[in-house]
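Data first, discussion second: the structure below is written as structure tokens.
The values are calculated or read from the model by the stated rules, or taken from the named source; none is laboratory data. Predicted model, so just to flag it, every value in this text is computed and none were measured. So basically every Cβ, Gly included, is an ideal-geometry build from the backbone, and we count neighbours across all protein chains shown. Areas reflect the complete protein model, heavy atoms only, side chains present, ligands, DNA and RNA absent. Shrake-Rupley method; radii C 1.70, N 1.55, O 1.52, S 1.80 Å.
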Amino acid sequence: MMRLWRTNPMNGVTIARGEGARVWDDRGRRYVDLLSGTWCNALGYGHPAWVAAVREQAGRLVHAGAPFETTEVSAALAELAGILPAALNRAVLTNTGSESVELALKIARAAAGRDGVAVIGGGYYGATAYALALSESGRNASYLPAFGGVVRSPAPHCVRCPERETCKGACPCLDPLAERAGSANLSAILYEPVIGGGILTPPVGYGKRLRRIADDCGALLIAEEVTTGMGRTGRWFGFEHDDIAPDILVLGKILGGGLPVAAVITTEDVERRSADVLGRHVQSHQNDPFSGRIAATVISILRKEGLVERAASIGARLIDGLRTTTGGCSWVREIRGRGAMVGVELEQDRAERGPALSRVLFEAGFIQDFHVPTATLRLFPPFVTATDDLDAFADAFGRVGASVC
């Protein structure tokens, strides 16, 4: 008997349909999806313009082959140009964030002529071999190849930092990286503007200091915005909060609105310096017209409906609601976030109750998850989530947390 190979934990629920920010299982029970699927469905489920584009493009042209250009990909590039810094003007459309991180690292190593890579601790960069080996969850895994020349900088877990009160954006957690960067033969510094693993939100200025460190040692700065990009932080891109621009930008998740569409975007100078690797990078579904149509449609919807701004507002409402319903609670250590990515970290002595808290909230009809390494319950709501659903979750969280924690 053929069955699903469960490579990740399953919860035993079969989802049958979705609408807006809500989904229903095969028994008719409704849930508010505060994770946007796997953080992808920022437009929610069944957005009419997105559905129309999928249907129309499927009947016209899905795949044309690597040697051909299409109007759909050209449209996607035009939409990207309208929201990106002018220097980021060379793009490849791919399928997933994982493969895009792999390509970005190949580009950086070819352009810099070096092998070393610096990463920020706690980060998750993908499921493919190199990306996972650089991630915290794949570190030292026996089934992954060992890569030399990796410099790991501590995660910006500010609530646990002894210098939090005096930091003011100086980010002393980056001092060890700054000291080692000059002698580490770095090709790239890879970072997430907000670390999705625990919604670790560095202070404004963190990215600016990373930019300086990269410039000082001649490395390329790669902004891994598979999760934070396309409006999730309340701006189009997470790097914008620090008023910088990366040398390479990696996008995914929201770019497809629920379909596998991703991108690697870089500069003309980096393209020239890495021409050899780009000339060898050919995949079956690279720059597909279907991907181009979907990416262009998603960007257009986000822009026309003001959903990037709405991501900022629903995130602020969610944080305010959670702080109100948990005010004075001894079991909450910090409520943090940026835009529509919010985390609630439990106090250390209550951390073991986190999975039970998440389970009870799920049974109450709210999809979310608990990140054990940081003792943080995570929320990535669709940008179209109704404020009533956000308020209902905040109320439920206060009640459930008081009984479970």
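Assorted remarks:
- Qualifying residue in segment 170-186 (condition: in contact (Cβ under 8 Å) with a residue 12 or more places away in the chain, crowded, with 22+ Cβ neighbours inside 10 Å and among the charged types (D, E, K, R)): no
- Candidates ALA42, ALA49 - the one that is open to solvent by less than 20 Å² (accessible area, probe 1.4 Å), outside any strand (DSSP E or B) and touching a residue at least 60 places away in the same chain (Cβ under 8 Å): ALA42
- Scanning segment 183-202 for residues that are part of a loop (DSSP other than H, G, I, E, B) and modelled with pLDDT of 90 or more returns ALA184, ASN185, GLU192, PRO193, VAL194, GLY196, GLY197, GLY198, ILE199, THR201, PRO202.
- Enumeration of residues in segment 16-39 that are outside any loop (DSSP other than H, G, I, E, B) and either more than 23 Å from the chain's Cα centre (by Cα) or aromatic (Phe, Trp, Tyr) (or both): ALA16, ARG17, TRP24, ASP25, ARG30, TYR31, TRP39
- For segment 120-152, the set of residues classified as surrounded by 14 or more Cβ atoms within 10 Å (Cβ to Cβ), more than 19 Å from the chain's Cα centre (by Cα) and not basic (Lys, Arg) consists of LEU144, PHE147, GLY149, VAL150, VAL151, listed by residue number.
- Test result for VAL159, touching a residue at least 24 places away in the same chain (Cβ under 8 Å), within 17 Å of GLY196 (Cα to Cα) and under 24 Å from the mean Cα position of the chain (by Cα): yes
- First in segment 362-383 and β-branched (Val, Ile, Thr), second anywhere and open to solvent by 10 Å² or more (accessible area, probe 1.4 Å), Cβ under 6 Å, 6 or more apart: ILE367/LEU35
- Annotation: of all residues in segment 136-171 being touching a Cys at 6+ places or on another chain (Cβ under 8 Å) and not charged (D, E, K, R), the one that is nearest to VAL119 (Cα to Cα) is SER153.
- For segment 204-233, the set of residues classified as over 27 Å from GLY82 (Cβ atoms), open to solvent by 40 Å² or more (accessible area, probe 1.4 Å) and not in a helix (DSSP H, G or I) is empty.
- Any hit, segment 88-95, residues being among the aliphatic types (A, V, I, L, M), over 24 Å from GLU305 (Cβ atoms) and open to solvent by 40 Å² or more (accessible area, probe 1.4 Å): no
- Counting residues in segment 52-60 that are in contact with a strand residue (DSSP E or B) (Cβ under 6 Å, 6 or more places away or on another chain) and open to solvent by 40 Å² or more (accessible area, probe 1.4 Å) gives zero.
- Odd one out for ALA275 among (1) open to solvent by less than 10 Å² (accessible area, probe 1.4 Å); (2) closer than 27 Å to THR70 by Cβ; (3) of a type in the set (Gly, Ala, Ser): (1)
- Any hit, segment 236-248, residues being open to solvent by less than 10 Å² (accessible area, probe 1.4 Å) and either touching a Cys at 6+ places or on another chain (Cβ under 9 Å) or of a type in the set (D, E, K, R) (or both): no
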